[in-house]
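**Q** Pasting a structure below so you can have a look.
The values are calculated or read from the model by the stated rules, or taken from the named source; none is laboratory data. These figures come from a predicted structure and were not determined experimentally. Ideal geometry is used to build each Cβ from the backbone, glycine not excepted, and the neighbour counts take in all protein chains shown. These accessible areas exclude ligands, DNA and RNA; they are computed on the full protein's heavy atoms, side chains included. Shrake-Rupley method; radii C 1.70, N 1.55, O 1.52, S 1.80 Å.
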Amino acid sequence: MDKTLLLRAIALGQDALLALNGMILGKLNAGQEVRMPVHEFIQAGENRLQVFSLEELPDGEGSVLAKSDCSVQVWVELQKDRGSATQVEPHILFALEESFNRGQRIHKARMLDVQLDLPVSFPRWRYLDVLQSTPTESDRIKIQDFVLNMQGLFRGRKVSALSPYFTHRNREIATAYGLDLQQAHSNFTKYLNQLCMNSTLEDSMQDPQAWLFYTVRNSAVYALLNMQHQALFQFQCVEDNTTIHLPMHVGVLGGEVFVLR
C-alpha cells in the first residue's frame, strides 16, 4: 500500500473523544496531538467525523456548557509512501476547526460534527451493517462475560483460544488490502502471543466498576473503554514498563459477542 489516510487531531481547554462513523478512535487529552491511520473505519463517499466533549455525559448525549474556552482541530491527511529514503510531506485533504467560549452551549456535547467525502475504495466494512442492529437489555451482561473470559485467556496466555475472536476482523482486513488471509491471521496471532508473553494485564481491569461500554449510535456496537475513556484492555510491558493499549469495538448479534475492530 503506497498511500495512507491519516487523522491528526488536538483538543485544547478540555479532553474529548474522537469518532469516525460512530466508532471511537481514541481520547484526545487536552493539549496532546494525536495522529493515526483510519482505514479500518472509513467507507467510500460520505464519512461522519465527530469530536465529543468529555466535560460531562460519558455517552455524549444532551447539551453541555463549556466550563472554559476550548477548541478542537482535526486534519485529514493523505500520506504517500516513497520509500524510507524519501521524506514526503502529507497532503492535507481537510483542515477543520471549532472553538467555544466559556459558558457557550455545546449541542449534544459535539465539539465537531461534519460529513466528509473521502477518496477510498475499500469494501463495505461489516461494522457499518451491525450499526443498523438494535441493542437489547442483555447486551451489557453478555459483554461483561466476554470481558471476563478475555481477561482469563490473556492471563492464562491461551493464544490459541484468543485468536478466533479476531477472525472476522482479520478476514476483512485481508480482503481490503488483498492479503493472504492465513498469513494475516498468523501475523495477528503472533502479536497476541507477544502480548501474552511479554506483558501483563493492568490490575485496574479487575474492577468491573471501571468498565465503560460506550454505545455506538444507539446500536449493538460498543467501544470497550475504562472510566478515563481510554482502551479498556491495557497491558504493562515487563521489559520496559510501558503501557500497551488494545482498542476494541465489539458487536452483539444472535446472543454472541464478537470483535469488530
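**Q** Which of the GluC sites (Glu not before Pro) found in segment 137-225 are loop residues per DSSP with 13 or fewer other Cβ atoms within 10 Å of their Cβ? Could the numbers behind the result be given before it?
**A** Working: sites: E137, E172, E202; in loops: E137, E202.
Hits after loop and neighbour filter: E137.
**Q** Once you've got the GNM for the chain with C-alpha springs shorter than 10 Å, pick whichever of L232, L28, L246 has the biggest mean-square fluctuation.
**A** With Cα springs under 10 Å in the chain, the top fluctuation among L232, L28, L246 is at L246.
**Q** Running a GNM on the chain with Cα contacts under 10 Å, which residue among Q50, Q132, Q73 ends up with the highest mean-square fluctuation?
**A** Ranking Q50, Q132, Q73 by mean-square fluctuation puts Q132 first.
**Q** Calculate, for K80 and L179, the FRET efficiency according to 1/(1 + (r/R0)^6) with r their C-beta to C-beta distance and R0 25 Å; round to the nearest 0.05. Show your work: numbers first, answer last.
**A** Numbers: r = 20 Å, r/R0 = 0.81.
So the FRET efficiency works out to roughly 0.80.
**Q** Compute the separation of the alpha-carbon centres of segment 97-134 and segment 216-254 and state it in Å as a whole number.
**A** Taking the Cα centre of segment 216-254 as reference, the centre of segment 97-134 is 20 Å away.
**Q** Continuing with the same structure: Considering the chain as a Gaussian network with a 10 Å cut-off on Cα pairs, which listed residue, T189, T136, T200, attains the greatest mean-square fluctuation?
**A** Highest fluctuation of the listed residues: T136.
**Q** Here's something else I'd like to know. Using a 1.4 angstrom probe on heavy atoms only, work out the carbon and sulfur share of the accessible area of segment 93-204 in %. Spell out each step's value before the answer.
**A** Working: 3080 of 6540 Å².
With neighbouring chains kept in place, the figure for segment 93-204 is 47 percent.
**Q** Calculate, for the chain, the solvent-accessible area per residue in square angstrom, rolling a 1.4 angstrom probe over the heavy atoms of the protein chains.
**A** Values: 13150 Å² over 261 residues.
Result: 50 Å² per residue.
**Q** Gain in length, R140 to Q32, computed as 0.36 nm per residue apart minus the alpha-carbon separation, to one decimal in nm? Each step should come with its number before you reach the end.
**A** Working: separation 108, 0.36 × 108 = 38.88 nm, distance 3.18 nm.
Length gained between R140 and Q32: 35.7 nm.
**Q** Tell me the accessible surface of V72 in square angstrom (1.4 angstrom probe, heavy atoms of protein chains only), to the nearest ten.
**A** Estimated to the nearest 10 Å², V72 gives 0 Å².
**Q** So, one more: Calculate the spin-label point distance for L65 paired with R217, positioning each point 7 Å from the Cα along the beta-carbon direction, and give it in nanometres.
**A** In this crude label model, R217 to L65 measures out at 3.3 nm.
**Q** Each residue of segment 246-252 in order: what ³J(HN,Hα) in whole Hz does its phi give by Karplus 6.51 cos²θ - 1.76 cosθ + 1.60, θ = phi - 60°, with x for Gly and Pro?
**A** Computed from phi, the couplings for segment 246-252 are 10, x, 8, 10, 10, x, 10 Hz.
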